[in-house]
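Laboratory data are not the source of any read-out in this text; all were calculated from the coordinates shown. All figures in this text were calculated on a predicted structure; none of them were measured in a lab. As a convention, Cβ positions derive from the backbone with ideal geometry for all residues, glycine included, and neighbour counts pool all protein chains shown.
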Amino acid sequence: MILVEELTKHFGPVRAVDGLSFAARPGEVTGFLGPNGAGKTTTLRMLLGLVAPTSGRALIDGERYADLDRPVARVGAALEATGFHPGRTARDHLRVVCRASGIAEDGVDEVLGLTGLADAAGRRVGGFSLGMRQRLALATAVLARPPVLILDEPANGLDPAGIHWLRGFLRHLADGGCTVLVSSHVLAEVEQTADHVVIVARGKVVRDAPLAELVGEADGLRVRTEHPAELAAELDRAGGAVHRDGDLLRVSGVDAAGVGRAALAAGAVLTELGAERSGLEKTFLELTMAELGGDP
Amino acid sequence: MIALVRAELLKIRSTRMWLGMLALSLGFTLLGLGFYIALAGVEMNGEAALPPVTDPATVRGFYAAASAGTLFMMILGIIGITGEYRYQTITQAFLVTPRRYRLLAAKLVAYFLFGLAFGVANVLVTVAVALPALAVKGGSTSLLDNDVPTILGGTVLAMGLYALVGLGLGALVRNQVAAIIVAVGWAQLVEAILTVALPSVGQWLPAGAVRAITRANIGFGGGGELDTLPAWGGAALLLAYGLAFAAIATFTTVRRDIT
Ligand SMILES: Nc1ncnc2c1ncn2[C@@H]1O[C@H](COP(=O)(O)OP(=O)(O)O)[C@@H](O)[C@H]1O
Ligand SMILES: [Mg+2]
């Protein structure tokens with residue numbers, strides 16, 4: 001359980017984080033979303049004791065990170081701009097962490113395999129691509145199988161296959177009871193895995209809700225059906241606004257359950273039903289832009 | 001704490017930086033030794049460039065070459081902490097050890113130990129070259145006379161302590177290039193001048209402490225004429241420099257936000 005209360009950080013005149021409060025619960029992937037410069041990295045670094053808050057608290061299982069006994073075994077972290085010595089091999093990097101925190105070194109090859117770095121284990125990190133560094137950062141985070149995971153923009157630099165793998169990996173960890181907090185400035189990276197989203201802009205929380213709620217608010221649904229004409233008519237009767245494009249209907253004003261009922265009533269076979277992705281993206285943009293005082 | 005020290009030793013061993021520092025310190029040692037071997041007892045313009053190997057001072061000079069590369073131990077220590085900032089590995093280091101003074105303490109111990117090991121390496125190479133050279137030239141081949149045990153033992157200790165001082169200095173300065181410039185500029189300019197101009201002050205400086213520990217002047221010239229602390233005083237002085245730098249750093253630079 002991660003708890004952030006009224007957290008504030010000023011860098012001189014810059015209010016990087018401004019009275020931020022939210023929680024991330026076990027068994028859930030919590031997406032920490034916001035545009036660049038919103039204060040995500042600063043918040044996560046305060047959670048991990050790397051940056052001293054100007055005021056407020058950031059607790060992990062009720063304790064400050066610096067007060068945790070063997071923190072690496074309690075919290076796994078992969079942060080943006082965390083470096084590796086270019087002259088050290090991936091395996092040695094992990095062995096150093098093991099030694100310093102008293103973890104058995106048996107786990108090293110296992111996490112290297114898990115993150116797809118088995119073949120690169122003996123190579124110096126200086127020759128690694130950004131994606132490989134991200135994988136190594138992730139391997140470091142999960143080295144001691146901690147119950148809490150804090151990841152800052154972990155998808156940066158990963159290829160599509162890597163992002164897909166990351167989603168599944170985070171899902172798997174959360175399903176196993178982990179508390180997973182993952183930041184991103186790209187909604188699409190989070191929307192398929194997160195159970196809960198905290199959207200920040202200019203250091204403030206602008207939205208803190210289950211992802212499903214946000215999806216529900218998105219501008220409409222995409223419905224593909226074998227009987228578009230019948231379904232469109234039924235949806236119209238149910239009070240929805242329908243835009244037909246061949247066998248694809250873009251529907252707003254009716255939720256997914258409403259579409260289901262309309263389909264049943266119309267005897268229409270659905271071949272696809274989902275949130276309009278662009279709609280969700282637009283919601284995210286609106287929320288953050290409103291805070292920034294601009295037009296979406 | 002032992003685990004942290006072992007982790008720091010692995011950090012040092014797992015990159016090749018230490019090899020460079022070892023090569024440089026050995027290079028300086030061999031250079032100094034080469035001068036002694038080449039010039040001891042050799043007539044130049046009718047005068048001896050250096051006293052012959054039968055002179056105890058020359059024997060001391062041969063072995064004192066072992067400590068010619070101590071400055072590189074300070075640079076090793078400086079890189080040991082400033083490298084963490086430079087490569088942003090400090091984030092991971094503090095994640096593992098959020099009580100930052102503990103990391104600093106572990107580094108001080110680890111670099112001291114590593115410096116001692118380097119000292120041993122320099123001493124072994126020095127003996128391996130100096131002993132046969134002295135034998136060939138007809139000098140003393142005893143490793144027990146002429147203060148040789150003090151010089152060699154002192155070199156080992158001085159190298160360990162210099163690495164520790166470098167670590168404290170690096171923690172305080174944080175910027176790698178700046179810290180190295182400070183160290184080299186201090187040792188090569190400020191201290192060199194002060195040692196000659198104000199020997200009473202010079203004895204309280206790091207090089208003066210090395211002179212006190214090794215009982216020998218680095219390089220050429222008569223070390224005997226300079227004010228010098230007792231050996232234990234020199235060791236305590238270096239330790240105090242390292243710990244004072246580290247303590248000040250703990251309450252200043254080391255506490256800063258890592259962003
Ligand atoms: N060390 C620092 N000194 C001054 N300003 C900083 C520092 N670190 C971050 N900031 C500022 O704080 C704000 C939030 O940054 P950050 O937490 O990195 O945002 P995000 O991770 O959401 O992109 C930005 O305006 C950034 O410029
Ligand atoms: Mg960031």
Item checked: Approximate spin-label separation A:HIS10-B:ALA236, in nm, with each point projected 7 Å along Cα-to-Cβ -> 4.7 nm
Next item on the list: Arrange the following residues from fewest to most other Cβ atoms within 10 Å of their Cβ: B:LEU143, A:LEU287.
Entry: B:LEU143, A:LEU287
Check: Under DSSP H, which helices of chain B have Cα atoms covering 15 Å or more of the helix axis and a Kyte-Doolittle average no less than 0.5?
Finding: B:2-13, B:17-39, B:70-86, B:100-137, B:148-173, B:231-251
Check: Cα centroid distance between the range B:46-104 and the range A:205-258, in Å?
Finding: 71 Å
Item checked: Gaussian network model of chain A, springs between alpha carbon atoms under 10 Å - residue of A:ALA58, A:ALA77, A:ALA268 with greatest fluctuation -> A:ALA268
Checklist line | Extreme residue, positive dipole direction of the range A:81-202, given options A:VAL111, A:THR89, A:LEU130 (C-beta unit charges) | finding: A:THR89
Check: How well do other chains shield peptide B:78-86, expressed as the mean number of their Cβ atoms within 10 Å of each residue Cβ?
Finding: 1
Margin query: For B:PHE114, B:PHE251, A:PHE84, which order do you get if you count the other beta carbons within 10 Å of each Cβ and list the fewest first?
Written below: B:PHE251, A:PHE84, B:PHE114
Notebook entry, point to check: Considering every residue in A:101-112, what mean count of other chain Cβ atoms within 10 Å of its Cβ is obtained?
Noted result: 1
Check: Hey, if you put +1 on the Cβ of every Lys and Arg and -1 on every Asp and Glu Cβ in the protein assembly as shown, which of B:GLY168, B:VAL123, A:LEU270 ends up farthest toward the positive end of that dipole?
Finding: B:VAL123
Check: Hey, with R₀ at 51 Å, roughly what FRET efficiency would A:ARG237 and A:SER55 work out to, going by the Cβ-Cβ distance, to 0.05?
Finding: 0.40
Note to self: Taking beta carbons within 10 Å but only from partner chains, what does the mean come to for residues A:44-54?
What the structure shows: 3
Notebook entry, point to check: Which of B:THR89, B:THR58, B:PHE245 sits farthest toward the positive end of the charge dipole of chain B, with +1 on the Cβ of Lys and Arg and -1 on the Cβ of Asp and Glu?
Noted result: B:THR89
Checklist line | For the range B:128-207 and the range A:1-68, distance of Cα centres in Å | finding: 48 Å
Notebook entry, point to check: What is the Cα radius of gyration of chain B over 2.2 N^0.38 Å, N being its residue count?
Noted result: 1.06
Notebook entry, point to check: Using only the Cα atoms, what convex hull volume per residue in Å³ does chain A have?
Noted result: 153 Å³
Check: Based on the Cβ-Cβ distance of B:GLU47 and B:ALA135, what FRET efficiency does E = 1/(1 + (r/R0)^6) give at R0 = 22 Å, to the nearest 0.05?
Finding: 0.30
Item checked: Lys, Arg +1 and Asp, Glu -1 on Cβ, resulting dipole of the range A:2-214 about Cα centre, debye, nearest 20 -> 600 debye
Check: Efficiency by 1/(1 + (r/R0)^6): what FRET value for B:ARG102 and A:SER21, r their Cβ-Cβ distance, R0 = 35 Å, to the nearest 0.05?
Finding: 0.65
Item checked: MRE, 222 nm, helices only [DSSP H, n ≥ 4, -39500 (n - 2.57), over chain A, to nearest 500] -> -11000 deg cm²/dmol
Next item on the list: Order by neighbour count: B:MET17, A:MET1, fewest other Cβ atoms within 10 Å first, most last.
Entry: A:MET1, B:MET17
Margin query: Using the crude model of +1 on Lys and Arg Cβ and -1 on Asp and Glu Cβ, and no other charge, please compute the dipole size for the range B:2-255 relative to its Cα centre, in debye to 20.
Written below: 1360 debye
Checklist line | Dipole in debye (nearest 20) - the protein assembly as shown, about Cα centre, beta carbon charges: Lys, Arg +1; Asp, Glu -1 | finding: 1380 debye
